[in-house]
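One structure below.
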Amino acid sequence: MIPFSVSFDLNDLNNFSGNHIVRRYRDVKNVFLKQDPFLEKENPIIYEVFEVARSEREGDLTFLITIIYPGTVQGEYFMTKGHFHAIEPTAEVYYGLSGRGLILCQNKSGDFEAIPIEKDKAVYIPPFWAHRSVNISCEPLVFFAVYPSHAGHDYETIEKCGFKKRVFAQNDKFILI
Ligand code: S6P
Ligand code: ZN
């Protein structure tokens, strides 16, 4: 691989040349506590990822931006599916670009942390911690992330055991339940 740069101009992502992953309501509805008939019909985009992944080799890095749109499913804030890295001893760094959110982190010993993210705040997700991002603001939550290219994703473990806490809107604030 040779050095390169990529534009993440949020006003011009139509020309993005990497992996574009789009998750609509019906793709991710099972992660929410309740279901919503209106969202089922409209099937809006809950979040999307623009990822530059040119290699899966150990030593390389993959980087991306994630955009999580504002909204709730019956009061539960829009969020990502969440995952462990398949190669568990791999960390990740998130860097907030706009909006406000929480990064829910959980390890297999049952420890749980909810780390705030917002513009210009960096979040470190250590090896062995699953992570899920939640938009707790009324604008898109946008963050940059970088992680080892060989890490891979394990979604199944979180699908089975879930995160210890969910994030709901209550009186214009968030609560963890
Ligand atoms: C990848 C990194 C992010 C997430 C993205 C969507 O390791 O943590 O790119 O993939 O924020 O989340 P998820 O849980 O659907 O992959
Ligand atoms: Zn990750």
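Numbers at a glance
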{"quantity": "Inter-residue pairs, beta-carbon under 6 Å, first touching a residue at least 40 places away in the same chain (Cβ under 8 Å) and in segment 1-29, second open to solvent by 50 Å² or more (accessible area, probe 1.4 Å), 6+ apart", "calculated": "Lys29/Gln35"}
{"quantity": "Breaking point among (1) surrounded by fewer than 16 Cβ atoms within 10 Å (Cβ to Cβ); (2) of a type in the set (D, E, K, R); (3) closer than 24 Å to Thr157 by Cα, for Asp12", "calculated": "(3)"}
{"quantity": "Any hit, segment 125-141, residues being within 15 Å of ligand 2 (Cβ to nearest atom), of a type in the set (Ser, Thr, Tyr), open to solvent by 50 Å² or more (accessible area, probe 1.4 Å) and at pLDDT 95 or above", "calculated": "no"}
{"quantity": "Residue pairs meeting the criteria (Cβ under 9 Å; at least 6 apart or on separate chains; first on the phi > 0 side of the Ramachandran plot, in segment 106-126; second open to solvent by 60 Å² or more (accessible area, probe 1.4 Å))", "calculated": "Gly110/Lys164; Asp120/Tyr95; Asp120/Leu97"}
{"quantity": "Yes/no for Glu56 being in contact (Cβ under 8 Å) with a residue 24 or more places away in the chain and in contact with a strand residue (DSSP E or B) (Cβ under 6 Å, 6 or more places away or on another chain)", "calculated": "no"}
{"quantity": "Enumeration of residues in segment 116-160 that are polar (S, T, N, Q) and under 20 Å from Lys173 (Cβ atoms)", "calculated": "Ser133, Asn135, Ser137"}
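The values are calculated or read from the model by the stated rules, or taken from the named source; none is laboratory data. Quick caveat, the model's predicted, so the values are computed rather than measured. Positions of Cβ are generated from backbone atoms using ideal geometry, with glycine treated the same way; all protein chains shown enter the neighbour counts. The area values use the complete protein model at the heavy-atom level, side chains included, leaving out ligands, DNA and RNA. Shrake-Rupley method; radii C 1.70, N 1.55, O 1.52, S 1.80 Å.
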